[in-house]
Amino acid sequence: MSYEMTPTCACCAPAPLRSGQGLNRRGFLNFGAAGVAGTALATLSAGKSMAASGHYEAMLVNCIDPRFTTLSWQYMGLIQGVSRDKLEDNYSHFVMAGGPIGAVHPKFAAWHATYFDNLDVTVSLHHIKRVIAVSHRDCGAAKLAFGADAVSDKGKETEAHSEALSMFRQAVNKRHPKLSVITGIMDTNGRVDLVG
Ligand SMILES: [Zn+2]
């Protein structure tokens with residue numbers, strides 16, 4: 001048995017396989033897709049030179065809910081920075097179930113240190129000036145934290161989230177008094193109500 005017979009990726013394949021010999025159609029297509037992705041990534045990063053440490057604008061903390069991936073990215077494009085106009089590629093991003101609710105609610109106590117340790121790192125490494133904490137409507141993690149009845153209509157949901165976001169703001173202020181904190185609830189259409 002030879003490991004050369006079972007390459008784990010196209011770039012590690014022995015020379016005969018790189019030319020396509022011995023690859024089935026699926027393998028060939030996979031190689032093609034990897035090549036296209038690599039080209040797209042190279043194009044996206046062309047001309048940009050980012051430092052791992054330096055002076056950046058903000059940290060976004062929000063929920064793992066897949067419905068808000070693009071909406072949160074779009075929202076960050078609308079927010080003005082403290083010292084620069086645009087936040088594009090200018091903020092760190094911490095994602096956890098419930099977002100800021102997960103960072104402070106007792107139901108998720110085991111996660112709190114992880115969030116605040118990461119906040120400490122982005123403050124010392126990226127010198128961020130602002131934390132943008134966004135929970136969202138119809139959040140499964142919020143239902144786990146507060147109980148389904150406590151978020152059963154929009155008014156109750158706003159009240160419960162506001163309390164947690166206020167706790168989040170106080171916890172950040174206590175640890176890093178110089179940071180400004182924006183807190184809000186994102187609707188499923190991407191609109192953010194600033195509360196907390
Ligand atoms: Zn959620």
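Looking across the stretch 76-96 at every residue that is free of Cβ contacts under 8 Å to residues at least 24 places away in the same chain and either of a type outside the set (A, V, I, L, M, F, W, C) or touching a Gly at 6+ places or on another chain (Cβ under 8 Å) (or both), the one that is farthest from the ligand (Cβ to nearest atom) is identified as ASP85. Within the stretch 123-147, residues that are closer than 15 Å to TYR75 by Cα reach partners that are of a type in the set (Val, Ile, Thr) and near the ligand (Cβ under 10 Å from one of its atoms) with beta carbons closer than 6 Å, at six or more positions or on different chains, in the pairs SER135/ILE101. If you go through the stretch 101-114 and keep only what is surrounded by fewer than 21 Cβ atoms within 10 Å (Cβ to Cβ) and out of contact with any Gly (no Cβ under 6 Å at 6 or more places or on another chain), you end up with PRO106, LYS107, ALA109, ALA110, HIS112, ALA113, THR114.
Restricting attention to the stretch 91-135, the residues that are in contact with a strand residue (DSSP E or B) (Cβ under 9 Å, 6 or more places away or on another chain) and of a type in the set (Gly, Ala, Ser) total 7. Quick one: in the stretch 50-72, which of the residues that are out of contact with any Pro (no Cβ under 6 Å at 6 or more places or on another chain) and of a type in the set (A, V, I, L, M) is nearest to MET96 (Cα to Cα)? Looking at the filtered set, the residue picked out is ILE64. Could you go through the stretch 56-66 and let me know if any residue there is within 16 Å of the ligand (Cβ to nearest atom), in the same structural domain as GLY184 (by TED's automatic domain parsing) and more than 15 Å from ILE185 (Cβ to Cβ). Yes, because at least one residue in the stretch 56-66 is within 16 Å of the ligand (Cβ to nearest atom), in the same structural domain as GLY184 (by TED's automatic domain parsing) and more than 15 Å from ILE185 (Cβ to Cβ).
Yes/no per residue for (1) farther than 18 Å from ARG67 by Cβ; (2) of a type outside the set (D, E, K, R):
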{"residue": "GLY102", "(1), (2)": "no, yes"}
{"residue": "HIS105", "(1), (2)": "yes, yes"}
{"residue": "LEU119", "(1), (2)": "yes, yes"}
{"residue": "HIS126", "(1), (2)": "yes, yes"}
{"residue": "CYS139", "(1), (2)": "no, yes"}
{"residue": "ALA148", "(1), (2)": "yes, yes"}
{"residue": "LYS154", "(1), (2)": "no, no"}
{"residue": "THR158", "(1), (2)": "yes, yes"}
{"residue": "SER162", "(1), (2)": "yes, yes"}
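The values are calculated or read from the model by the stated rules, or taken from the named source; none is laboratory data. Predicted, not measured: the structure shown is a model, and the values here were computed from it. Backbone-built Cβ (ideal geometry, glycine too); neighbour counts: all protein chains shown.
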